[in-house]
Amino acid sequence: MAVSQPICGALEAALIENRGALLAFIGARLDKVIAEDILQDIWIRLLRDRQLSEGVQSPLGYLFRMAQTMIIDHERRRRAFSVLDREFARTSLVNDQIADIGTEEALIMREYIRHAEVRLQRAGKRVAEVFRLHRIDGKTQRQVAEELGVSLGTVENDLRKAIKLLVRMRAEFERSGS
């Protein structure tokens, strides 16, 4: 009878055994839903890279360090995204303003919107789709991730790309005097 390989390594076993403690650790620092996401991301990393277990002296300590690093990364992304979000909020009033302006200005604004759509498509089909679903259709980032079958981090990155692109486009637009 052949000896089978263990299903999970020391890190995975420690994660399974200490899931509650890790969740409490992350949840004390972030929203509970985000804590669940981070714990799931840790699990996925462990499944993707089975060699992580090699040479780890303290699997539980390593998992807490992974969690802490992911918390820090999440907070950095959140802060960077909120700056971009505020900038975009300033620019998102374009459609509302079109109704209140003259015909010539409305044509200019519609042309601006058309250029924005083209630039978003050039940035990538998924980037444009993520932006449309979140900013125009009003879906949450989690709903967008589920609908497109991608991670929440991918949605955040795509939104960041789209917003940076639109902020740069607005600056170009304002410099050109249009």
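Would you tally the net charge around residue 75, using a Cβ to Cβ cut-off of less than 12 Å, leaving residue 75 out, and scoring K and R as +1, D and E as -1?
Numbers: positive: 29, 76, 77, 78, 79; negative: 31, 73.
Around residue 75, the surrounding residues sum to +3.
You can think of it this way: the chain between residue 136 and residue 110 has 7.8 nm of extra reach, that is 0.36 nm per residue less the Cα-Cα gap. Computed on the stretch 8-72, with alpha-carbon pairs under 8 angstrom and 6+ residues apart, the relative contact order is 49 percent.
Run the numbers for residue 29 and residue 77: contour at 0.36 nm per residue of separation, minus the present Cα-Cα distance, in nm.
15.8 nm
Can you figure out the FRET efficiency of residue 171 with residue 146, using R₀ = 35 Å and their beta-carbon distance, to the nearest 0.05? Calculated transfer efficiency: 0.55.
So what's the net charge close to residue 115: Lys and Arg +1, Asp and Glu -1, counting the other residues with Cβ under 11 Å from its Cβ? Overall, the nearby charge balance is +2.
Work out, step by step, the length gained on full extension between residue 118 and residue 48: first 0.36 nm times the residue separation, then minus their alpha carbon distance; give nm to one decimal.
Working: separation 70, 0.36 × 70 = 25.20 nm, distance 3.60 nm.
The span from residue 118 to residue 48 would gain 21.6 nm if fully extended.
Each Lys and Arg adds +1 at its Cβ and each Asp and Glu adds -1 at its Cβ; summed about the Cα centre, the stretch 37-79 shows a dipole of about 160 debye.
Computed from the coordinates by the stated procedures, all read-outs in this text should not be read as laboratory data. It should be emphasised that the depicted structure is a prediction, and the values quoted were computed from it without experimental measurement. Methodologically, a virtual Cβ is constructed for each residue, glycine included, from the backbone with ideal geometry; neighbour enumeration extends over all protein chains shown.
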